[in-house]
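See structure below.
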Amino acid sequence: MYGFDTLLPMDTVCSRPAYAKVNLHLAVGLPYPDGYHPIQSLFALVDLSDDIEVRWKRSKTFSVDVTGLEAHCKKDSDTLTKAARLWHEAGGCPLQVSIRCLKQIPVQAGLGGGSSDAASLLLLLQEIAGESALEQEVLEQVALKVGSDVPFFLSGAKAAVVTGRGEHVFAVESKDLAVLLVMPTDFAISTSSAYRLLDESRQGGEAGHGLGMQEMLHVYKKSSAEWKGLLYNDFQSCAPNRAYYAELMDISSPYEGFAGMSGSGACWFFVSEDRSEVQAVHTAITTAFGCKVKCWLTRLIP
């Protein structure tokens, strides 16, 4: 939930959580002429979130200032600044906006933290604008300009099939599964480098044959353990540190559930209907890797 707290006349603070996601399936097509890649993916929200806090007041001109991300990116290069400026350029009302991001989702993890932050901010700006808010179609166009994952987070779906560049979002029934997130502490993977490695691995050849929409949804309805060998992530086969991911898969293989890399990495996950299975995998991985990983025990948002 989000809230508004009036501090002084014309000076208001509002906030909203920005939840992470995992990609339970991610097939990537060959790039379009403009370099963007089509995807077919199954997104699911995870109960791990940043918090976006906005202090704003009406103004004759638009300005935006972001804090909380200094350790992760250069000033004004973050998705929050980009989202705010694009929203205003698309017709959003003039405001003085100060944004604070309370960061919990790891960066360069494939969990969509920056995209979720941007979507939460866009929704807050729409609430602030009231009758001057952007039309939904325009808002969705802004979201896609910010990033390919932003339309999913903007949609309000807890789980969805996402296709195209990310603009087509088809909500599906969410699942109540326990989740283990595992993030390496000694490396991360940028989205741009992940796509470059994927393209290089294909060496101008064709992309693999992806699941059809109905086939993917048929698999998704099964138990998580039955997803093995059917749902996959194209990035995992060409990721740096493949031995690391292979070891995670080996450790988790005896347990009832499903494992894989999320997005373009570097975060890996294990999901199961049985929380004790997830806890057992957590114990095994922390024993094997120690301080080389950071883990979160959480759940998909049902």
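The values are calculated or read from the model by the stated rules, or taken from the named source; none is laboratory data. On a predicted model such as this, the values are computed, not experimentally measured, just so you know. Backbone-built Cβ (ideal geometry, glycine too); neighbour counts: all protein chains shown.
Miscellaneous remarks
- Flag for S155 being buried (at least 18 other Cβ atoms within 10 Å of the Cβ) and touching a strand residue (DSSP E or B) at 6+ places or on another chain (Cβ under 8 Å): no
- Test: residue in region 247-259 that is part of a helix (DSSP H, G or I), out of contact with any Lys or Arg (no Cβ under 9 Å at 6 or more places or on another chain), assigned by TED's automatic domain parsing to the domain that holds Y195 and within 23 Å of R202 (Cβ to Cβ): yes
- Checklist (1) under 20 Å from the mean Cα position of the chain (by Cα); (2) surrounded by fewer than 15 Cβ atoms within 10 Å (Cβ to Cβ); (3) not in a loop (DSSP other than H, G, I, E, B) applied to A194, failing item: (2)
- Region 112-127, residues that are of a type outside the set (S, T, N, Q) and out of contact with any helix residue (DSSP H, G or I) (no Cβ under 6 Å at 6 or more places or on another chain): G112, G113, L123, L124, E127
- The set of residues in region 14-48 being part of a strand (DSSP E or B) and among the hydroxyl-bearing types (S, T, Y) consists of S15, Y19, S41.
- Any hit, region 101-111, residues being without any contact (Cβ under 8 Å) to a residue 40 or more places away in the chain and not in a helix (DSSP H, G or I): no
- Hey, D186 in contact (Cβ under 8 Å) with a residue 40 or more places away in the chain, closer than 27 Å to A243 by Cβ and part of a loop (DSSP other than H, G, I, E, B) or not: yes
- Out of T61, T81, sole residue that is in a loop (DSSP other than H, G, I, E, B) and hydroxyl-bearing (S, T, Y): T61
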